[in-house]
Every structure is written in C-alpha cells, then in structure tokens.
Amino acid sequence: MSDRDDAKHEQLERFRSDHRDAVLTTQQGVRVGHTDDSLTAGTRGPTLLEDFHAREKITHFDHERIPERVVHARGAGAYGYFEAYDDTLSAHTTAEFLTSGEKIPVFVRFSTVAGSRGSADTVRDVRGFATKFYTRQGNYDLVGNNMPVFFIQDGIKFPDFVHAVKPEPPNEIPQAQSAHDTFWDFVSLQPESLHMVMWLMSDRALPRSYRMMQGFGVHTFRLVNAEGRGTFVKFHWKPVLGTHSLIWDECQKIAGKDPDFNRRDLWDAIESGQYPEWELGVQLVAEDAEHDFDFDLLDPTKIIPEEQVPVQPVGRMVLDRNPDNFFAETEQIAFHTANVVPGIDFTNDPLLQARNFSYLDTQLIRLGGPNFAQLPVNRPIADVATDQRDGYGQQTVHKGQTSYFRNSLGGGCPAIADRGVFRHYTEAVDGRKIRERSPSFKDFYSQATLFWNSMTDVERQHIVAAFRFELGKVTDRSIRARTVEHLGRIDNDLAARVAAGIGVEAPDGAGGNHGRRSPALSQLGQPNLSPSGRKVAVLAADGVDTIGIRSLVEQLGAAEVVAEVLAPSDGELAPGGAGDPLPADRQLSTMASVLYDAVVVACGPDSVERLRADGMAVHFVAEAYKHLKPVAAFGTGLDLLRQAGVPDELAESTEPFVAGGVVTTTAAADELPDAFAAHLLTQLAGHRVWHRDTEAIPA
Ligand code: HEM
C-alpha cells in the first residue's frame, strides 16, 4: 500500500472511531431499530402516514440540495495558516495579521468559474483562489483568481458576461467551456475583455495543480495606517512549487479519466503531508503616485508590471488540513470582498464596488437566509456581538431585553468601542452623477500586447492553438472575423496565425505593437524550481526488478515526488530475480499517462515482455512522450520504449544517458546508479520537454 493509501486508511479509521459508539436515531434523538422497511398495513399493503421515521428520512433527503454558486460552483478547499514574515507593513496598515507574525487560521477554496458543481476540473477556465483569514480583528476575505485581471471593467456587465460564457439557454450546451458562440460574441463586442482573454487562451487556464498556481487579488485595494494614510496595494500569491500547467490535449483526456484531477491532487498532497505553500506579496503604490501610470489603477483589466513596481514578499500561507465534510465546509463557506478588517479598504474600482454588493446578496439565497455567518466554517474567531436578531437558521440564543442602539436599559446590547474599530478611509469625492466610463479606462489593447510580447515561443504557440480551437467551435463566421480584427490590434502576427487556422481573412496588418515586455508574465521564462509535487508512473509486471524499483521510488520520494507502481493486474508482483515481491499501487487499466508527470519502465525481461504485449502499456509510454513528459527506462525496460516508437537515442551502457527528455540506462537491479533518479528529477523540474519533436510518434 502506498503512503497515500495509508493516509486514506488512517483517515477512514478516524471517521469510523468518531462514530463507533453512535447508534441510529431520529432527528429528535429517538433510537431507531429498523430503517430498511417502511411501516405498512400488512407486508404487501400501503405505507402508513404515521411512519414518522420514514417521513422524516425522506423529507430531509428531499431538501438536501442547495443552489450551487451562480459562478465558481465547482471547487475544493482546505484549512491552513498564514504568517507574516515581519512587521514591514505596519507603516502602511493596521491589519494585525499582516504584521504580527502570529499564525492566523485560513480556509482556501479553489474553483473553476463557468462549470456546474459536477463539471470536470481540467477545463479551460479561470481558477478562483479565495482565502478567508480568521483574524483576531474579524474575518478578512481575499477573493482572488489565478489571473491578475478581469474580463470587464464595471460589475454592471457581470450578468451579461456570465450569461455569455455559461451554456447556451436553448439546450444548456456546452458545459464548462468558453468555446461557443455566445462567449466569443461577447468578447468581440466588448474589447475591454481582450487582455483577460489572452490570459484565458494561455497555459494559465490549464493549471497542473491548485498547488502550482499563482493567485491575485486583481483589484487595487487600499492599505490604511494608524494615521489614516492610505497606500494602494495589489495582492499576489506565489506558489512555492512554481507555476505549472497541463497541455490542452491532456486536459481534455483527464476530464474523462479523472474529472476530479485537481481536487484529488490537493486532497492527496495534504493527506500525505506535502503541504502546499504560497508566499503573499504586495505591490505598493503611494497615493500621490496614483497617476504615474499609463493606465488607471482603478481599472481591473490592467496589471501593474512587476518590473515597474516590484512584488514585496510579506508572508506565507500553508494548507495543512483537509475538511471533514465537503458540504459543511467547502460548499457552505461564504467569501465576500466586503469582508475587510481595520487597515484594509476599497478603492473606487467599479468592478470591486459591484462585487461588494453581489456576494452577500447571492449568499442570502444560496445559504438560505441572513444567518450563514454562524455556520462553523464562516464563524469568526473574533468575538461577535450585533443587534441583528432572528431569521432562518438562527443558532444563537440572544439574551436580554434590548436589541437596538441606543438604549438606556442595557443588558444584552453591545457597547460601541473606541479602539480597534473599522474606520472607512476618508477620501474626498466630488463629481456629477453620470453613467459614463472614465477616458482613462479606454485603452483595451496595450496590456494584451504586453502579455503577448512577454511569452516564449512555446507559450505563443499554445495561445494561437487555443484561439484556433475556441474560435473553430464558433459557428457564426462574423464573430470569428470580428475577434480576429481585435487580435490584429494586439499583434499582427497573432491575428494572422489565428486567422489562418479558422478560415477568416487576416486583418490588413495595420495594427501596431509597442514592443514592450514584462518578463515576469511568462511561466516558462521563470527558473525551474524543483520536481517536488510531481507524480511518476512506474510500469511493471510479474518478473520485474523489484530491488531497482524500490530504490528508485525511495530516491524520488526523498525529493517529494510520488511514484506509483502500475501493473496489468492488482496484487503483488513476483520479483524477476533477487528481491521481495512488490505490491502494485494501481492497476494499469484504471489509470492513464495523462494522470502522471513522467513514466519509468522498470527492468525485468519477463515483466517487459508482458508489458510489450499489453497495448495499454505501449500506449501509456507513447502518449506520455507525445505530451512532452520525461520518459525513462532501465535495463530491459528500454525495449518497451523502442516498441512505443520513442525516437530519441537510448543508453548503450550503464552510464545514465539523457536525450530529448528521455532518461535511460542499461543498468539493472542492484546496479541502478543514483544518477538515473537524479537525471529524472532534473527533467521533472523542467516540467515538460518543450522542444521535443512530437511528430516523431504518430498521434
Ligand atoms: C476581479 C474579479 C473577480 C474575481 C477575482 C472573482 C472571484 C470569485 C471567486 C474566487 C469566487 C468563488 C468564491 C468561493 O470559492 O466560494 C467568486 C464567486 C462569486 N462571484 Fe466573483 N469574482 C470577480 C468578479 C465578480 C463580479 C464583478 C461579480 C458580480 C458583480 C461577482 C460575483 C460573484 C458571485 C455571485 C459569486 C458566488 C458567490 C457565492 O455563491 O458564495 N464576481 N468570485
């Protein structure tokens, strides 16, 4: 059994022991002796109305669903903590959790946006990254995404945008996909969306793992210090494991093989003690520098390039505990951009202003009334005392005669504090009531161009392929043409490459490109960090070299890489020579190469013969190669690579050899050199072999 299976087993044991002494009762606590048969008049007669147990059981079941979130319906969450590195930010904010260094409990929910609760994880979409900080000053929610900008500038367009991206009304097709007419119709008519659309067409929309994803608060917020002075701030989460993505073809296959891929990855990592970690960073802008940029800080479709205002690390967050109950915690958690604490305030970003209305409003219906802040996952650790009373789901037994302010009777009515209170930032505002966007919001193309210019060739190729895929699904040709027109204003080459794939005319080439870059925007431009958090499949069958596998699994494990032994059938694998039998972790037919980051074929003449005769094993290697993954083999394992058509040069001696991301050695069993695992780990740290010639193996 693998470590993860052990952990799962332990958790189930824990659940079981929690309930070991429990006996079945009704909601009223009356013990129930029989729950399989209704109370009927005779064994073949009608069910009696007086069967209170059956009625209660079925009635509760009938009401167990609540509305899913109107967006971000599908998600996964976990508990953890945040700690500030030091008190650097105390000059800018009175928010204690950002300066105290104390461990603050958090709950984070990651999500996709467009799909329903039951949709697949690996769709092309933005990912939500929402954090609730349970601080001593009250709950603070940073409700962000894994992309630093948004599709629209003003929240009044949010219903239009969401209606456009969700499945189309006549037939509720397609599920969890932006590749359809209404989304691209919206985009082509609302060019403010283009910068975000560039992110959506990039690899950022296909995260390998929630653990390998950046997070952004998106809006410019405001920190406020003890003197009431404000500083503009943008929040950034940077994953310690680096930012990595899947390949689009993998995503589509994973959606069938394991629709819970990202959820499972997060859950498994935490259960096995590989706690995901992010660094919180801030970009700070002094109030008097507000107009120093060629965009408006209040415009949520713009980033502040990191080269212009560096991201300062201020703390770290670790997720170290899975929820006990998905519904109670992950489903019922309620994030709200207006949940702020003293020292953090809003700006006049019109998208943020709308969000500050929308979240509480939607939660009133989603969570069935005004008392959802009392649900365990939403409850602050700070003391709560309000004059709010009653309502559906009230859990608190309020005492005393009064529930109003001011009163002269006392008893139950909280006093007003004079310290530690939230004071709204006192900003001077002057203007006429008007429905009109500021001219400073009107540049829709420059930052989309900046993004395109900052990508590596491989990333650009992926963006072009994504546009071709998405627009290729759009049936209305005028929408395709309109969108390509806009792309021409971002970059001529981009527009021409997309146009060539979707059967529309390329624009006339008049679009400009300012030529500026922001290297921090490229994922592949960042240094490779470590192989930690990746998953490797080791293919084996009876007759395998179990000594070699054990030593490899151990070395990979030491680098926090999970290696699983996949065999044609479950159970113990008979060793090919010396060595003990080895339990298979998974049966080959239940898994697929798309669920792993690399594949290793183990040595053992009989084992490899069996695998060569197994179409799934051969396909496994060929597909992993095709998806640009490191592929490795030792000893006779090299034969399976040859059979799968791996075209790169393979080792001819025991000296480990690397060519095109393929790591091989002829060494077997007890002579497997440590350098073999070391080379594989280096390849894994590179995540994918981007420059591999994938034409070599037929699709
Ligand atoms: C910067 C732009 C935005 C970001 C980063 C963002 C982020 C998120 C995230 C992460 C969630 C999921 C929260 C969870 O896990 O429970 C969410 C849900 C939601 N968002 Fe947004 N959102 C944005 C814009 C908007 C706008 C403009 C509106 C409305 C005007 C809106 C309305 C909602 C609603 C209604 C939900 C469902 C909340 C619930 O049922 O609890 N969002 N958003």
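The values are calculated or read from the model by the stated rules, or taken from the named source; none is laboratory data. Note that this is a predicted model, so its numbers are computed, not measured. Heads up, the Cβs are rebuilt from the backbone with ideal geometry, glycines too, and the neighbour counts pull from every protein chain shown. We work out accessible area using only protein heavy atoms, side chains counted, and drop any ligands, DNA or RNA first. Shrake-Rupley method; radii C 1.70, N 1.55, O 1.52, S 1.80 Å.
Below, the figures for the structure above:
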{"quantity": "Computed [θ] at 222 nm, deg cm²/dmol, the chain (DSSP H ≥ 4; -39,500 (n - 2.57); rounded to nearest 500)", "calculated": "-8500 deg cm²/dmol"}
{"quantity": "Of K166/K473; K257/K535; K166/K302; K234/K302; K535/K629; K132/K535, those spanning more than 18 Å from alpha-carbon to alpha-carbon", "calculated": "K166/K302; K132/K535"}
{"quantity": "Inverse of mean 1/r across different Cα pairs in segment 136-256, Kirkwood, Å", "calculated": "16.9"}
{"quantity": "D (Stokes-Einstein, µm²/s), Kirkwood Cα radius, the chain, 1.306 mPa s at 10 °C", "calculated": "56"}
{"quantity": "Label point distance in nm, A574-D430, each placed 7 Å from Cα along Cα→Cβ", "calculated": "9.1"}
{"quantity": "Beta bridges by DSSP in the chain, antiparallel share as percent, to the nearest 5", "calculated": "75"}
{"quantity": "1.4 Å probe accessible area per residue over segment 49-106, in Å²", "calculated": "55"}
{"quantity": "Convex hull (Cα only) mean projected area of segment 531-596, reported in nm² to one decimal", "calculated": "4.1"}
{"quantity": "nm² value of the averaged projected area, convex hull over the Cα atoms of segment 379-433", "calculated": "7.3"}
{"quantity": "Accessible surface of segment 75-378, 1.4 Å probe, proportion on carbon and sulfur as whole %", "calculated": "54"}
{"quantity": "In Å², nearest 10: area of E560 left accessible to a 1.4 Å probe", "calculated": "90"}
{"quantity": "Length added when fully stretched, L48-D361, from 0.36 nm per residue minus Cα-Cα", "calculated": "108.5 nm"}
{"quantity": "Span from the segment 660-688 Cα centroid across to the segment 175-200 one, whole angstrom", "calculated": "42"}
{"quantity": "Cβ-derived FRET efficiency at R0 30 Å, Q587 paired with V32, nearest 0.05", "calculated": "0.15"}
{"quantity": "Gain upon complete extension [L24, V458; 0.36 nm per residue less C-alpha separation]", "calculated": "150.3 nm"}
{"quantity": "Per-selection metrics, segment 535-685 (Cα): Rg and Dmax in Å", "calculated": "13.2, 35"}
{"quantity": "Protection-proxy order for peptides 437-446, 608-617, each taking the mean of Cβ atoms within 10 Å per residue, highest first", "calculated": "608-617, 437-446"}
{"quantity": "Net length gained if the chain between A659 and R389 were fully extended (0.36 nm per residue, minus Cα distance)", "calculated": "90.2 nm"}
{"quantity": "Unit Cα scatterers, Debye sum, segment 75-378: log10 I(q)/I(0) for q = 0.08, 0.15 Å⁻¹", "calculated": "-0.34, -1.32"}
{"quantity": "Simple spin-label estimate for K257 and R55 in nanometres, 7 Å along Cα-Cβ", "calculated": "5.2"}
{"quantity": "Burial ranking of peptide ranges 243-255, 323-335, 358-370 (average Cβ count within 10 Å, highest at the top)", "calculated": "243-255, 323-335, 358-370"}
{"quantity": "Segment 347-441, Cα convex hull volume normalised per residue, Å³", "calculated": "195"}
{"quantity": "Euclidean distance between Cα centres, segment 222-253 to segment 464-480, Å", "calculated": "30"}
{"quantity": "Viscosity 1.002 mPa s, 20 °C: Kirkwood-radius Stokes-Einstein D of segment 232-381 over Cα pairs, µm²/s", "calculated": "113"}
{"quantity": "Simple label model, 7 Å out from Cα along Cβ direction - A382 to D324, nm", "calculated": "2.7"}
{"quantity": "Residues of segment 450-521: accessible area per residue with a 1.4 Å probe, Å²", "calculated": "44"}
{"quantity": "By average C-beta atoms within 10 angstrom, highest first, the peptides 378-385, 460-467, 120-127, 299-306", "calculated": "120-127, 299-306, 460-467, 378-385"}
{"quantity": "Segment 464-594 - Rg and Dmax from Cα coordinates, angstrom", "calculated": "25.0, 71"}
{"quantity": "For segment 449-532: span of alpha carbons on each principal axis (Å, largest first)", "calculated": "45, 30, 14"}
{"quantity": "Cα-based equivalent ellipsoid of segment 339-384: semi-axis lengths in Å, sorted from largest, via gyration tensor", "calculated": "22, 17, 6"}
{"quantity": "Calculated P(r) of segment 17-171 - Cα pairs past 25 Å, %", "calculated": "60"}
{"quantity": "Residues E652 and A338, FRET efficiency given R0 of 56 Å [Cβ-Cβ distance, rounded to 0.05]", "calculated": "0.25"}
